[in-house]
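The values are calculated or read from the model by the stated rules, or taken from the named source; none is laboratory data. Everything quoted here is computed from the prediction, not taken from an experiment. So basically every Cβ, Gly included, is an ideal-geometry build from the backbone, and we count neighbours across all protein chains shown. Keep in mind that these areas ignore ligands, DNA and RNA; they rest on the heavy atoms of the full protein, side chains included. Shrake-Rupley method; radii C 1.70, N 1.55, O 1.52, S 1.80 Å.
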Amino acid sequence: MFNYFIKRVLGLTPTLLIVAVLVFLFVHMLPGDPAVLAAGQDADQATIALVRQDLGLDKPLPEQFVGFFSNMVTGDFGNSLRTRRPVSTEISERFFATFTLTLASMGWAVFFGMSIGVVSAVFRNRWPDRAGMTLAVSGISFPSFALGMLLMQVFSVKLGWLPTVGADTWKHYILPSLTLGAAVAAVMARFTRASLVEVIQEDFVRTARAKGLQERVVILHHALRNALIPVVTMMGLQFGFLLGGSIVVESVFNWPGLGRLLIDSVNSRDYPVIQALVLLFSLEFILINLAVDLVYGLINPTIRYK
Amino acid sequence: MTSTPGDPTVTVSAAAAAATGVRTPWSEFWRKFRKQPVAMGALAFVALLVLLAVFAPWIAPYDAENFFDYDRLNTPPSAAHWFGVDPLGRDILSRILMGSRISLAAGFFSVALGGLVGTTLGLLAGYYEGWWDRIVMRISDVLFAFPGILLALGVVAILGSSMVNVVVAVSVFSVPAFARLVRGQTLALKHMTYVEAVRSIGASNWTIVVRHILPGTISSIVVYFTMRLGTSIITAASLSFLGMGAQPPMPEWGAMLNEARADMVNAPHVALFPSLAIFFTVLAFNLLGDGLRDALDPKIDRQ
């Protein structure tokens, strides 16, 4: 297990390196001179030259990359062009809001998604299945920004039960996390159903029934455990979707998180912040995939860590 | 799969098959697809949508961008304006109709572009394997590591906000998915006996890949293409919603929703109709994709 873990972590290195190179090159792919962007539109030649030297943009490209990389490792991404504050401060202030929102969304998406999936698989081709799958395909098809606006209109504006924007109390979390989690819950429901339907037809399920176990035990302990393997993979991929989805949902609910920071940064071409955020999002996604691989072993002991 | 177009015996036997009810891959597909009322409904809806988009300039009752009814600002649906009027006095139905052209085109072209590049890379990677395969798959892994909309935002940040850039941005993250799908199928197909037979009669690599392996991957590509359309339409609309794609006054559905945000309390109908338009369009493509998959997947017959 430990060897496997080390091997997987080492295997991530080339991927991370490619991401780091792409993020580094990003600045040089932007139209226009990054030094002009950093100095501001109406800076004179002397200021631009000073900024260029200050940011190290006058050095050769490989040297710049080494500088960028060693700063990156220590968590130094320079200052935001918009607010002039360190990028690390900007990000750490907002990280928690996005993190809790993502966790809340994932939590209820897994709960509702798997419940709907299990019910649909057990009642295959009967009305609970049809209702569940209709809900699921609608969840995939409804764009999150439209769902967010709809929920806000109904529950905050018309009924007045919940707050509209901000992230102060637990009540603020309800609508954004529902909005963000809806599509994931739908995907989870479809996957759980498909996987469980296959497993229920296996011989060992018939054996479990034949030895007189309760149907509830057969489904939840025998079948579901085996059906979970593809579902867990999907869960990992869906985390990436949540990270992306948070960008849109945070914009709808004016959530003080990383997604909104990214939008603001793209709009104002604040490239140090964009670089750091893209790197952070990629790192999170890669780590989640690693975690998914390790969780496999807990669910399915037949996987050998070679 | 192995039939050669232009071969007279094949043409005759295909005609005979249709007459006597012998099973061909096409008739088999149609038999299974026709049995699914939901998928047939989705197909009809998609066809209707395409017709509406093509003829939108003639069907739309008003000019979508330049007609302003100042007496009816923010009014809900009425006989003169079926979907109501927006805060600037524009007819929402006309804007939805014209917007369908943008959304369908954005979805189609982004998936077509991504599918074309991805399929080519996947075919080459699967057929030649070796270092080329490793490079393509490694890049696919990295592209997969970026959440789609994040990748698209990066592309838009570099290229600037416009609908064309959105199409490019959205197509980028279709590439790795098609590459993986086609590579997997190619790996399986190239060891089949019929491919070996083709090689033994001296066919070139080009002929083998294009005439004999590609057709075998088409059914998966079609299913994936359809499913991807829905996702791409949503992503393109999301980017416009965030102000990164279509710019006002362009009647793009996501951009319309963004404009509607300011007046949600007074005029919720302004947001309702673009939302429904996106929802039903994407739903139709997703249901069509499910139907195609069920009709093309040989595993389904067992159940």
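Among the residues of segment B:63-113, those identified as of a type in the set (A, V, I, L, M, F, W, C), touching a Gly at 6+ places or on another chain (Cβ under 6 Å) and not in a helix (DSSP H, G or I) are B:68, B:73. Restricted to helices (runs of 4 or more DSSP H) entirely inside segment A:16-115, those with at least 3 residues that are more than 14 Å from every other protein chain (Cβ to nearest Cβ) and open to solvent by 50 Å² or more (accessible area, probe 1.4 Å) are A:45-54, A:61-73. Hey, does segment B:258-270 have a residue that's open to solvent by 30 Å² or more (accessible area, probe 1.4 Å) and within 24 Å of residue A:134 (Cα to Cα)? The answer is no; no qualifying residue exists. The residues on offer are B:283, B:239, B:296, and the sole one that is under 18 Å from the mean Cα position of the chain (by Cα) and crowded, with 22+ Cβ neighbours inside 10 Å is B:239. In segment B:271-280, the qualifying residues are those that are open to solvent by less than 20 Å² (accessible area, probe 1.4 Å) and at the interface with another protein chain (Cβ under 8 Å from one of its Cβ atoms), and the one that is nearest to the chain's Cα centre (by Cα) is B:278.
Per-residue answers, yes or no, for (1) among the small types (Gly, Ala, Ser); (2) at pLDDT 80 or above:
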{"site": "A:162", "(1), (2)": "no, no"}
{"site": "A:167", "(1), (2)": "yes, no"}
{"site": "A:185", "(1), (2)": "yes, yes"}
{"site": "A:219", "(1), (2)": "no, yes"}
{"site": "A:228", "(1), (2)": "no, yes"}
{"site": "A:246", "(1), (2)": "yes, yes"}
{"site": "A:259", "(1), (2)": "yes, yes"}
{"site": "A:264", "(1), (2)": "no, yes"}
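From the list B:230, B:291, the lone residue that is farther than 29 Å from residue B:88 by Cβ, facing chain A (nearest Cβ under 8 Å) and of a type in the set (Gly, Ala, Ser) is B:230.
A search for C-beta distances below 7 Å between a residue of segment A:110-124 that is more than 15 Å from residue A:140 (Cα to Cα) and free of Cβ contacts under 8 Å to residues at least 24 places away in the same chain and any residue that is surrounded by 18 or more Cβ atoms within 10 Å (Cβ to Cβ) and small (Gly, Ala, Ser), counting only pairs 6+ apart in sequence or on different chains, returns A:119/A:132.
Go through segment A:199-219 residue by residue and tally those that are of a type outside the set (Val, Ile, Thr) and within 15 Å of residue A:121 (Cα to Cα). Result for segment A:199-219: 4.
Let's see how each residue does on (1) crowded, with 20+ Cβ neighbours inside 10 Å; (2) not hydrophobic (A, V, I, L, M, F, W, C):
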{"site": "B:83", "(1), (2)": "yes, no"}
{"site": "B:86", "(1), (2)": "yes, yes"}
{"site": "B:119", "(1), (2)": "yes, yes"}
{"site": "B:132", "(1), (2)": "no, no"}
{"site": "B:192", "(1), (2)": "no, no"}
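From the list B:193, B:119, B:186, exactly one residue is in contact with a Gly (Cβ under 9 Å, 6 or more places away or on another chain), away from chain A (no Cβ under 14 Å) and at pLDDT 85 or above. Which is it?
On inspection, the qualifying residue turns out to be B:186.
Candidates in segment B:243-253 are the residues that are in contact (Cβ under 8 Å) with a residue 60 or more places away in the chain and either in a helix (DSSP H, G or I) or open to solvent by 10 Å² or more (accessible area, probe 1.4 Å) (or both); of these, the one that is nearest to the other protein chains (Cβ to nearest Cβ) is B:243.
In summary, helices (runs of 4 or more DSSP H) completely within segment B:156-225 and bearing 2 or more residues that are of a type in the set (Lys, Arg) occur at B:175-189. Within segment A:219-237, is even one residue part of a helix (DSSP H, G or I), within 23 Å of the chain's Cα centre (by Cα), among the β-branched types (Val, Ile, Thr) and facing chain B (nearest Cβ under 10 Å)? No, because not a single residue in segment A:219-237 is part of a helix (DSSP H, G or I), within 23 Å of the chain's Cα centre (by Cα), among the β-branched types (Val, Ile, Thr) and facing chain B (nearest Cβ under 10 Å). The residue of segment A:251-270 that is most open to solvent (accessible area, probe 1.4 Å), among those that are more than 13 Å from residue A:87 (Cα to Cα), away from chain B (no Cβ under 11 Å) and over 15 Å from the mean Cα position of the chain (by Cα), is A:256.
Residue by residue, here is whether (1) over 28 Å from residue A:293 (Cα atoms); (2) under 25 Å from the mean Cα position of the chain (by Cα); (3) at pLDDT below 75; (4) not aromatic (Phe, Trp, Tyr) holds:
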| site | (1), (2), (3), (4) |
| --- | --- |
| A:10 | no, yes, no, yes |
| A:20 | no, yes, no, yes |
| A:29 | yes, no, yes, yes |
| A:34 | yes, no, yes, yes |
| A:41 | yes, no, yes, yes |
| A:45 | yes, no, no, yes |
| A:62 | yes, no, no, yes |
| A:70 | yes, no, no, yes |
| A:74 | no, yes, no, yes |
